[in-house]
Amino acid sequence: MKRQQEKIKDLVEPQAFDEVQSYASEPARALNAYRFTDVTSDLLGRWLDTLADLPKNRGTARALAGLRGVGKSHTLAAFAALASLPDLRNTVSDTHVATSARRLLSRAYVVARVERGTRPTLQEEIASALASALGGTEVEWMNEPSMMLNQAAQMAAGPLVVIVDTTWGRETRVSRNDGPVLSEMAAVAEEASIFVALALDDDIEGADGANVSLSGAYQIDYLDPEHLYHIADTHLFHKTEQSRAALHDIYTSLRSTIPNFNWSEPRFTSIYPVHPLVAEVAPAVRLYAPTFAFLPFAANAGARATNRPARSLIVLDEVFDRAEYDLRKSEALKDAFVAYDMLSAQSIAQLPIMERLPAKLALKGLFILSLDGRGATARELAAGMLLHTDLAHAEAIARIEKVMDQVFAGAPIGTYSRSRDSTGDVRYRFEISAAADFDTALARSAEQITLDASVLDELLFASARARFADWPLVDNEGVRFDAATFSLMWRGTARTGRLIWRNGARAVDEKREEKSSESESMETARASSSQEASDSSSRDAGALDWEVLMLAPMLSSAGKNAEAESESEVEEDESLTRAIWRPAKIRPEEAESLQRLVALRKDTSLLANFDETARAAERTHTSLAERLWSRLYLDEGVFAQKNSAQPLTPEARAASTLSKLLARMEEPLLDAAYPEHPHFTEPLREGDAAQLVGDFFSGANQGDAQTQVLARLFAVPLGLAATRGTGYIPEAGDNSLQMGWVSEVLALTEHAQGGVVPLETVYAKLRRNPFGLQREAQYLILAALVAQRRVELVTSTGDRITRRTLDRALRWDQVAGLARPATRLLSDEGLTSWARQLTGQPQLPLIAEDKARAAVREELAAWLDGWRAENLLEKFSALPDEGLTTRTWSLAAAVRKSFGVVADALEAERAGTISLEEALQRVADAFGDSEEQFARATEQLGQLRSYTEALDARSLSLDYLAFAEATSLDEIERARRELLVIAEDVHSLLDQESINRFALLWQAFHERYGEHYAARHDESVGPRVNHSEVDELLRGEDFREFEALSNLSFLNQQYWDEATRLIERARNTQCKLPVREILVTEPFCACGFRLAHAGELSRIRQELEELSARGRASYRRALSHLSHNMAISLDAIARNEADEMVKQNARKLSVAFAGGHVPEHFTLEDVRLLERAIERMTAPPLVRVRVPSGEYGMLTREELRARLDQWTDELPDQPALIEVVSEDEKSGT
């Protein structure tokens, strides 16, 4: 998708933001809505740890400072919620804060919230807070602050938490001197068990100026506005890596089309789609609109803007629309709004239609930019409001100035100002009384500031640190360095260089210090922040590839002599690519802005008289200084080298880090210095080099997936690997000799004439032009030459590292140098001997003749084909995890390094890469030219082969054992237990005795278990099983009566349901499957028979018989409960029945029930009459029963419950009225 077609929703996913209005009344919601950053996580963690560790009768006083709207109140609310509500501590998402919160255990701390601005005095506000937290009335609590706090600490019975914060939504500042009382609170807290947490708002006298004691009484933490930008980036506007790449393109486009759009890319990306200028002006807006806050505004505006084009940022007109209601409440803005309303209604209406909307937007933006007294030029409005057109930039700016002049032509005198600055640009501003007074005072103070070189250096050095997170010339404690080593990525390698800051205030480095002193200084400098480069840079710490000298900026009034003098002191060093980063000159209006920034930071009277306004202006001018740095060094700065200078490329200007910027600018210089250096697509680390040496070049594990990836990334670009099929193998032929670095190394060894070439000599040769190879790449080259037997490494003790001893254990710090191979090559007879041993063909002829060579090649090819077909090493790698142990991996590695290396050598010979003699020599090397090693390797091969083959069979046996049922036969169970013991140790597959024992036991177990299971299966469910006993029971008179009575709808059916299930089981207990064949592979029959179910058929008949008896007895008791009603209903049937036989039967049953006797036997006809009788009952029958008691003796609770359940189950199922009578009542039954 093209950038022009993208929407904001394609690049970011706005998240909901819960704007809590009252933190004190909704602590759970306030905590849930809080978004942690690294800064606030550390801050709250420290505060919670302090609270948890407070000793008895000792406390502390903490304060949180920062501009309004930065999140101080929300942070204090989150702290209070965690202290007072233990249930909320488990809901914290931040791990660090959650850990500290758990240290509070389950204790609920008493929290008193002192809301400044709710009472005339802070003393009264303290009394109100303590009354609310601990009970009582404000009048009862009212006393000296120290006495109130001491009493509260005693009543809290533990650490008391006191939160002091300005009440939410207050439109005016708290105009009183609270400093002394706040200092007194801190002093009391130190001696009592109290934790005081203070929001150090700008209206508290004592933070600065007249009451500096607060800084001594409280431990103050500062919440920087950057905290808000991190929240916006992390929590409000979710972005993917792809969308961040797209935002980079959009940022670059805005920079190229809007010249004054000079905000940094990190700031732009973090709060996109909000314009960076919105974040700068937010503190000024909050001066007059206390409810305005950056995060809620950004969240709401971002959610509404999702369908906009990607370049359509949220700008100042939307800030105006959001804050206008609150801004109009401010008395200080009344006159400004009168002018705005008139200009908006009258002047803009007189403009051409096409110019009205841009003019309206510009007017809103100008109003917001006037709140801090700054105003704006047409250039600043164009960049801040994105008022770009198709016209050339100069023409567009002129058009905006013309429109603004037309708009302000009708403005009342004194409501606006129009002035021309030193550049000729017109600056427009709404006159705001408070802002105007402040601007006058600030201008007067700024005039006293002299911008000498040291002041400029201090200001712009800080701006550089704000622009780049990886700025290396300052450490975490703020200690500055004039120079530091730094790493940038070039062709996939970390190139270490030196960044030097040249302070224009003094002559720096008039004469370079001695190399030892310089090296010592460099060690103290901050290393590169790039994690990618850490491994490589650490190994090449003493080798510098580049140097960049950053000159300090000069005022435009500085002459060319000063600039030339600064650059003339640069010395040349042929070993480095040296460049001078020369900034543009500072313009007069920019110098004025810097003077104002210095005044805001140093003139305490500005803070004392204008407090919040001064602080907001300081933040604004700091941002201007950061943007000025971008213009000086990025937009108009140049990189100069010798007699040439070039501006920064667009990619360098848009770089998000200093390392990326320098990489862009140094790339052509390094290309020229090291033209033959290979292109790596990823950084080559020390661990990567060790794996390639130990697994790839040694042949120990060439097929490993990660090793193959590393070979593709690094060995191939160095010309040290060749393609074979879909993978890579070490280059075995002469192709590697074509690489310049290989030729250089071999030339050094030849020149040494058998002597040892020091490793540092090799390093120096390959490190300089034209190769520039670092140590890790050089190690790969040397390992490849050792693997090819072209060189051998010599250790400091004189030992030789050859192809056979090359592995991961190699320690390069113990390698002194390299030399030509000292290993004696075998004769034709020796080589043929190895061919015979490998192939098992003792009659192979000597390889001296062509015919004999062909025969040897044929046998070697047959061996290789067999090896590839068996695919043993790949089969081992595919084994399940439980089979891959350290011991078996070592066994496989040994086979891979012996027979695996042999296979690779024969493969290379077959491909024509190496000669037959070289292949056989490598075969001999693989076994150390030792028959004993060959025998040991052959034994290891056999072990690995049998292990790999046996593991699958062992797994099947274990599965069989796991599912085989327990038996009552000792010989079977003893065999099972011993088999499981042997199988627990997977290494038993490497012991032949264990293998034989397992096989013997398995055969015995399998046969005996199978015969036992099959016999029980045949007895229970086999095709010859006799079901006559069950059939005879079902045909019996008693069961037929039971079945007949079960058909009565008003009787409990549970007995018949259970009988039905038993009958179904009896009819299904017959299996005709070939059980003995099934038991060969499965431990049970597919019919579902289990040994535990053996003899079930005989038990089913007995259960059915017992169930039938219980059911008939239960049915008779139920019928006896209905005897009176039954007698009446049956008598009625007898009187009205026409069939004489039915009439007689009904009368007989009626007489029996009337006498209180249930017939001894019921026929099917009887049951039908009973059903008719119950249907004739128009009303629920009265069933009179007595509760069974006394007849069971002593019962447990469970037994009694069972008896009562049985009694209720025997009652009729149909609706009936139950009358419970005593045993003595004559009417009871």
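Which is touching a helix residue (DSSP H, G or I) at 6+ places or on another chain (Cβ under 8 Å) and surrounded by fewer than 19 Cβ atoms within 10 Å (Cβ to Cβ), of R1090, R1076? Break it down into steps so the answer makes sense when it comes.
On the way: R1090 fails: touching a helix residue (DSSP H, G or I) at 6+ places or on another chain (Cβ under 8 Å).
Criteria check complete, one pass: R1076.
Restricting segment 349-380 to residues that are of a type in the set (A, V, I, L, M) and surrounded by fewer than 20 Cβ atoms within 10 Å (Cβ to Cβ) leaves a set whose member that is modelled with the highest pLDDT is L361. Of all residues assigned to segment 963-981, at least one qualifies as being exposed (fewer than 13 other Cβ atoms within 10 Å of the Cβ), assigned to a helix (DSSP H, G or I), aromatic (F, W, Y) and at pLDDT 85 or above.
Looking at R89, R107, R113, which is the one that is assigned to a helix (DSSP H, G or I), outside the structural domain of V278 (by TED's automatic domain parsing) and of a type outside the set (D, E)? Spell out the reasoning first.
Numbers: R107 fails: assigned to a helix (DSSP H, G or I); R113 fails: assigned to a helix (DSSP H, G or I).
Matching residue, one of R89, R107, R113: R89.
Go over the candidates N262, N300 one by one and state the one that is farther than 30 Å from A652 by Cα and not hydrophobic (A, V, I, L, M, F, W, C). Quick ask: steps written out before the conclusion?
Details: N262 fails: farther than 30 Å from A652 by Cα.
Criteria check complete, one pass: N300.
Please specify each residue of segment 311-334 satisfying the condition of being buried (at least 20 other Cβ atoms within 10 Å of the Cβ) and out of contact with any helix residue (DSSP H, G or I) (no Cβ under 6 Å at 6 or more places or on another chain). Walk me through how you get there before you give the answer.
Of segment 311-334, the ones buried (at least 20 other Cβ atoms within 10 Å of the Cβ) are 313-316, 318-319, 323, 327, 333.
Matches in segment 311-334: L313 only.
Considering only segment 206-281, give the helices (runs of 4 or more DSSP H) lying wholly within it that have at least 3 residues that are surrounded by fewer than 20 Cβ atoms within 10 Å (Cβ to Cβ), out of contact with any Pro (no Cβ under 6 Å at 6 or more places or on another chain) and at pLDDT 85 or above.
241-257
The helices (runs of 4 or more DSSP H) found entirely in segment 869-950 that carry 2 or more residues being within 46 Å of the chain's Cα centre (by Cα), not assigned by TED's automatic domain parsing to the domain that holds D695 and not charged (D, E, K, R) are 872-877, 886-895, 901-910.
Listed here are the residues, each with its yes/no results for (1) surrounded by fewer than 19 Cβ atoms within 10 Å (Cβ to Cβ); (2) among the aliphatic types (A, V, I, L, M); (3) assigned to a helix (DSSP H, G or I).
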{"position": "F610", "(1), (2), (3)": "no, no, yes"}
{"position": "E618", "(1), (2), (3)": "no, no, yes"}
{"position": "L628", "(1), (2), (3)": "no, yes, yes"}
{"position": "A640", "(1), (2), (3)": "yes, yes, no"}
{"position": "A652", "(1), (2), (3)": "no, yes, yes"}
{"position": "A663", "(1), (2), (3)": "no, yes, yes"}
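Residues in segment 714-732 that are under 18 Å from P683 (Cβ atoms) and either in the same structural domain as V902 (by TED's automatic domain parsing) or free of Cβ contacts under 8 Å to residues at least 60 places away in the same chain (or both): V716, P717.
When L860 is tested against (1) within 20 Å of A905 (Cβ to Cβ); (2) not β-branched (V, I, T); (3) not assigned by TED's automatic domain parsing to the domain that holds S915, only condition (3) is not met.
For the condition under 21 Å from L1164 (Cβ atoms), in the same structural domain as V1021 (by TED's automatic domain parsing) and polar (S, T, N, Q), S1108 qualifies. With respect to the conditions (1) in contact with a strand residue (DSSP E or B) (Cβ under 8 Å, 6 or more places away or on another chain); (2) surrounded by 20 or more Cβ atoms within 10 Å (Cβ to Cβ), T913 lacks only one, and its number is (2).
Within segment 812-833, the set of residues being outside any helix (DSSP H, G or I) and either surrounded by 14 or more Cβ atoms within 10 Å (Cβ to Cβ) or at pLDDT 90 or above (or both) comprises V815, A816, G817, L818, A819, R820, P821, T823, L826.
Of the set (1) surrounded by 16 or more Cβ atoms within 10 Å (Cβ to Cβ); (2) part of a loop (DSSP other than H, G, I, E, B); (3) at pLDDT below 90, all apply to A722 but (2). Taken over segment 21-48, the residue count meeting the criterion of being within 17 Å of F294 (Cβ to Cβ), surrounded by fewer than 20 Cβ atoms within 10 Å (Cβ to Cβ) and in contact with a helix residue (DSSP H, G or I) (Cβ under 9 Å, 6 or more places away or on another chain) is 2. The residue of segment 402-421 that is nearest to Q346 (Cα to Cα), among those that are part of a strand (DSSP E or B) and touching a residue at least 24 places away in the same chain (Cβ under 8 Å), is Y416. Which one is surrounded by the fewest Cβ atoms within 10 Å (Cβ to Cβ) among residues in segment 1145-1191 that are among the polar types (S, T, N, Q) and either within 22 Å of F1039 (Cα to Cα) or modelled with pLDDT of 80 or more (or both)? Top of the filtered list is T1163. Listed conditions (1) crowded, with 18+ Cβ neighbours inside 10 Å; (2) without any contact (Cβ under 8 Å) to a residue 12 or more places away in the chain are all met by L149, apart from (2). Taking segment 931-946 as the range and being within 14 Å of L838 (Cβ to Cβ) and surrounded by fewer than 19 Cβ atoms within 10 Å (Cβ to Cβ) as the test, the residues that pass are E931, Q933, A935, T938, L941.
I'm checking my understanding of the structure. Among residues of segment 750-782 that are among the small types (G, A, S) and assigned to a helix (DSSP H, G or I), which one is nearest to S736 (Cα to Cα)? Even if it seems obvious, please write down each step before you answer.
First pass over segment 750-782, keeping only residues among the small types (G, A, S): 752, 754-755, 764, 772, 777.
Still in the running and assigned to a helix (DSSP H, G or I): 764, 777.
Details: A764: 21, A777: 14 Å.
Result: A777.
The residues of segment 367-401 that are within 30 Å of R286 (Cα to Cα) and either not in a helix (DSSP H, G or I) or not assigned by TED's automatic domain parsing to the domain that holds V274 (or both), listed by number, are S370, L371, D372, G373, R374, G375, A376, T377, L386, L387, H388.
The values are calculated or read from the model by the stated rules, or taken from the named source; none is laboratory data. These figures come from a predicted structure and were not determined experimentally. Neighbour counts run over all protein chains shown; Cβ positions are idealised from the backbone, glycine included.
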